[in-house]
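Participant: Quick one: the structure is below, and I'll ask about it shortly.
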Amino acid sequence: MYCRVIVDIVHENVAKPFTYRIPEGMTLAAGQRVSVPFGRMEKEGVITEITSECDIPPEKLRDVIRPLEDFAAIPPELMALAAEMSAKSHCPPAETLRLMLPAQMRGGRVRVKTERRARLAIPDEEAKALILKERKGVKRARLLEMLMGGKKVSVRFLAENINDPGDALRKLERDGIVVLTEEEILRTPTEFYAENQDPEYELTNDQQEVLEEILPKLRDGGGQFLLHGVTGSGKTEVFMHAVRETLRIGKSAIILVPEISLTPQMVSWFRGRFGGIAAVIHSRLSAGERYDEWRRIRRGEARVVIGARSAVFSPAEKLGLIVVDEEHESTYLNDRHPRYDTREVAESRCKREGAALILASATPSILSFARARRGDYMLLEMLRRVQNRPLPEVQVTDMREELERGNNTVLSIAMREALKECAQKGEQAILLMNRRGYNSFVSCRKCGYVVKCPHCDISMTYHMGYGADAGAGRLKCHYCGTEMNTPGTCPECGSRHIRYFGAGTQKVEEEVRKLLPGVTTARMDYDTTGTKDGHGKILEAFRSGQARVLIGTQMIAKGLDFPQVTLVGVVAADLALNLPDYRSRERAFQLFTQVAGRAGRGTKPGRVIIQTYRPEDPVIGFAARQDYRAFFESEWLRRRKGLYPPFTALGRLLIESSSEGEAAEEAEELLRHAREILQAHPDWEKKVITMVLDTPSVKMLRGKYRRHVVIKALKSAETDHFFGELTELAAEGKDRTEIAFEVNPTTML
Ligand code: ADP
Ligand code: ZN
Ligand code: ZN
């Protein structure tokens, strides 16, 4: 017998499977990992197929060395998924297969953990008799006592109670009185948050109606849904019921969340209700814990998996349901190689494995909503909050008027009043400031010079010092981390009028502290959450009520449920609206609506204030009215007119080099090449609307000069082919330039 093996090397020449002979007496299966000879090396690989046919001459064939596990690590459905992803994204199968396994399994960096255990080989009565007879060995007697009752006891536990039991145990084993075994144990992570018991709510009408659609389809092994439920409509409860039904029919469920650290509540609810049958996968697990959770899932012991995007590849046994919560989040796009969209992967799995798919959000992505309208998904709506709680009231303040009135601080008069009132009533507030640091940039009042990062062509952000360093502020680059002291005089003209402009989270926090002396604030941004469990601590301080005002970047908009929050402020709405990207309006709408949804989730009604210099912008209006449908229609029209995705496909060849000349040259070369491809395929060329070579708005990043070729083309099979060729072109690369090709890239900066 023979097997075909994808060897774990990412190189174009190794992209196809190699055939090996299976030695006599070895049984292997597709999906199993094996060690094989490769050139003069020994390599790991995954079996794609077992076959009795082979047209390679026997003298050229080599034997499989050994299996790496005694079971197929990758089940057939995931093998098929890896093959599909490889074909679709034009990347070698070795790379997509890696997605299907915990990273540390490769190269044997993680092992099964075992524990030595002892048990009696004789009945308790005999042991009792022995204990009575025992004269010299007190230790022996105590060991026998501890082992009575048919228990298996770990040697570690015995050693904690009896000094140095090793020799005595070995002697007992030799005498046939005790059996020592090496047994596998699982490192199951314990979470830092408490488990919650099932609240057993009575379902709302909306929840009930939605479940009446989902459950029958789920039982039949299918159904694709887009659940549009406003913030606080109780979507999580719908997931729980769907999961319970999935378990009842003997299947497994995968619940995907944008970022596990931001959804501790969801996790604790699931743990509380489903206990050990739930596995939670997140980035803080140790390699061993991750591996053990994976094995629990692979064996079918854990049948509810909760995790971020990579959990979509969990080897859940008899998959019955995948939920993608907050499906609009950009974290579901993996922009590192191999690129994938978690929602597409989930959909493909559900179709292949006969499972129901639920995409859920208060602000569905334009793409998903359009697909629901087209009938690809069944649209389910929950447009009311639970217990008839009102949606928060939204007020827009015009910051231009504030300036006219002589208020040049970052907080409008209305915001100040509302914050004071909120503090007086002992309630809590959340302020969104979508830029970290103290000031956004430092510039010269006289000549206009702006301090930029020497490696990135991006303005440096001013950060305040803390503690002993207070006052000693530093400039930081948010792209590459470079830091420098703030210049005392302008490096261009020598003027001393070099000042800070624009506010960041630090500045907002300072303003709030000035306004509300004695009120504790908490700040949540990239700078304060870098440490292990940074998120958890900040959220806990806010949940416990110790901190009354939470200031943060978009991190705070996600899925949090704090019943005491009655005021939400968007400090600088324009920041989100003005990014040079066709999706910035969609993202801004989502951000404002999501953050507004944090207000009034308890019994007290909520209030939202959006500060802007452009109150006439329709996106501000849609967000203020929380009118998703109207926003969707307007955005859909704009995209159709402007020929943006999903009406077209955008492709971007990004060229980066430490030499500006080389970046420019290579870009020209690639453009020429792309044109040649089109000339050879007139039918492809017809689909291309524009193809331009340009300098991206960030022209230098981490010391690399950048150019890009942006292609806008009609969505079609021809465009797919063209983009496929460009992907391969990019993969060839060049020594000193980095080239990447992305379809609908996550950012155009
Ligand atoms: P969403 O995710 O839709 O924003 P959640 O699922 O977080 O909303 O639910 C909002 C709040 O309502 C939570 O505190 C939840 O415990 C509560 N809740 C959910 N369903 C019900 C119900 N049927 N009756 C009462 N409270 C509910
Ligand atoms: Zn100057
Ligand atoms: Zn930089």
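The values are calculated or read from the model by the stated rules, or taken from the named source; none is laboratory data. Fair warning: this is a prediction, and the values are worked out from it, not measured in the lab. Here Cβ is always computed from backbone atoms with ideal geometry, including for glycine, and neighbour counts include all displayed protein chains. Accessible surface is based on the protein model in full, side chains and every heavy atom, while ligands, DNA and RNA are left aside. Shrake-Rupley method; radii C 1.70, N 1.55, O 1.52, S 1.80 Å.
Participant: Treating only the Cβ atoms of Lys and Arg (+1) and Asp and Glu (-1) as charged, compute the dipole magnitude of the range 439-502 about its Cα centre; round to the nearest 20 debye.
Facilitator: It works out to roughly 240 debye.
Participant: Also: Cα atoms only: what Rg and Dmax, in Å, come out for the range 114-184?
Facilitator: 11.1, 36
Participant: In debye to the nearest 20, how big a dipole does the range 481-605 give about its Cα centre with +1 on each Lys and Arg Cβ and -1 on each Asp and Glu Cβ?
Facilitator: The dipole magnitude comes to about 400 debye.
Participant: Here is a further query. Over the chain, what is the mean sequence separation of C-alpha contacts under 8 Å (at least six apart), divided by residue count, expressed as relative contact order in percent?
Facilitator: 10 percent
Participant: Any chance you could get the radius of gyration and Dmax over the Cα atoms of the range 499-580, in Å?
Facilitator: 13.4, 41
Participant: Okay, moving on. Would you please put 37-43, 275-281 in order of how densely packed they are, using the mean number of other Cβ atoms within 10 angstrom per residue and starting with the highest?
Facilitator: Ranked from most to least packed, the peptides come out as 275-281, 37-43.
Participant: Which one, Pro23, Met100, Ile74, is farthest towards the positive end of the dipole of the range 2-108 when Lys and Arg carry +1 and Asp and Glu -1 on their Cβ?
Facilitator: Towards the positive end, the residue furthest out is Met100.
Participant: Working from Cα positions, state the angle (0 to 90°, nearest 10) between the long axis of helix 342-353 and the longest principal axis of the chain.
Facilitator: For 342-353 against the chain, the angle is about 40 degrees.
Participant: If one computes the Cα centroid of the range 230-260 and of the range 364-396, what distance in Å separates the two points?
Facilitator: If you average the Cα positions of each part, the centres end up 18 Å apart.
Participant: Using every pair of alpha-carbon atoms in the chain, split the distances into 10 Å bins beginning at 0 and state the percent of pairs per bin, rounded to integers.
Facilitator: Using 10 Å bins, I get a P(r) of 2, 11, 18, 22, 21, 13, 7, 4, 1, 0 for the chain.
Participant: Sorted by accessible area with a 1.4 angstrom probe, largest first, how do Lys558, Lys476, Lys452 fall?
Facilitator: Lys452, Lys476, Lys558
Participant: Taking the Cα atoms of the range 439-502 alone, what are Rg (to one decimal) and Dmax (as a whole number) in Å?
Facilitator: 11.5, 34
Participant: Would you mind working out the magnitude of the charge dipole of the range 205-386 relative to its Cα centre, with +1 at each Lys and Arg C-beta and -1 at each Asp and Glu C-beta, to the nearest 20 Debye?
Facilitator: 480 debye
Participant: Trypsin sites (Lys or Arg not before Pro) within the range 293-343: which are DSSP loop residues with at most 10 other Cβ atoms inside 10 Å?
Facilitator: Of the trypsin sites (Lys or Arg not before Pro), the ones in loops of the range 293-343 whose Cβ has at most 10 other Cβ atoms within 10 Å are Arg336.
Participant: Among the GluC sites (Glu not before Pro) in the range 45-124, which ones are in a DSSP loop with at most 11 other Cβ atoms within 10 Å of the Cβ? Mind listing them?
Facilitator: Answer by residue number: Glu53.
Participant: Okay, moving on. Arrange the residues Arg170, Arg707, Arg548, Arg385 by how much accessible surface each exposes, largest first, with a 1.4 angstrom probe.
Facilitator: Most to least solvent-accessible, the answer reads Arg170, Arg548, Arg707, Arg385.
Participant: For n ≥ 4 DSSP H runs only, could you compute -39500 (n - 2.57) per run for the chain, divide by its residues and tell me the 222 nm figure to the nearest 500?
Facilitator: Rounded to the nearest 500, the figure is -10000 deg cm²/dmol.
Participant: Quick check: the angle from helix 628-642's long axis to the longest principal axis of the chain, C-alpha only, nearest 10 degrees?
Facilitator: 70 degrees
Participant: Say the dipole of the range 648-743 comes from +1 at the beta carbon of Lys and Arg and -1 at that of Asp and Glu; which of Ala731, Trp684, Ala649 then lies farthest toward its positive end?
Facilitator: Sorting the options by dipole projection puts first Ala649.
Participant: Separate question: Which of the three applies to the range 216-344, rounded, prolate or oblate, going by the alpha-carbon gyration tensor with a ≥ b ≥ c and a/c under 1.5 meaning rounded?
Facilitator: Since a/c stays below 1.5, the shape of the range 216-344 is classed as rounded.
Participant: Moving on to the next point. Using Cα centres only, tell me the gap between the range 127-164 and the range 1-76 in whole Å.
Facilitator: 49 Å
Participant: Summarise the accessible area of the range 230-308 (1.4 Å probe, protein heavy atoms) by the percent that is carbon and sulfur.
Facilitator: 50 percent
Participant: Going 7 Å from the Cα of Tyr201 along its beta-carbon direction, which residues of the range 564-585 have the amide nitrogen within less than 17 Å of the resulting point?
Facilitator: From the range 564-585, the list is 564-565.
Participant: So in the chain, which Cys have no other cysteine's beta-carbon sitting under 4.7 angstrom from theirs?
Facilitator: Unpaired cysteines in the chain: Cys3, Cys54, Cys91, Cys350, Cys422, Cys480.
Participant: Residues of the chain: accessible area per residue at 1.4 Å, in Å²?
Facilitator: 46 Å²
Participant: Go through Val46, Phe157, His478 and say which Cα lies farthest out towards the positive end of the charge dipole of the chain; charges sit on Cβ, +1 for Lys and Arg, -1 for Asp and Glu.
Facilitator: After comparing all options, I get Phe157.
Participant: Follow-up. Based on the Kirkwood radius over alpha-carbon pairs, what is the Stokes-Einstein translational diffusion coefficient of the range 622-749 at 37 °C with 0.692 mPa s viscosity, in µm²/s?
Facilitator: So the translational diffusion coefficient is about 208 µm²/s.
Participant: Please figure out what share of the DSSP beta bridges in the chain is antiparallel and state it in percent, rounded to the nearest 5.
Facilitator: 55 percent
Participant: Also, I was wondering about something else. Quick one: Cα centre-to-centre distance for the range 584-609 and the range 671-740, in angstrom?
Facilitator: Computed from Cα coordinates, the inter-centre distance equals 39 Å.
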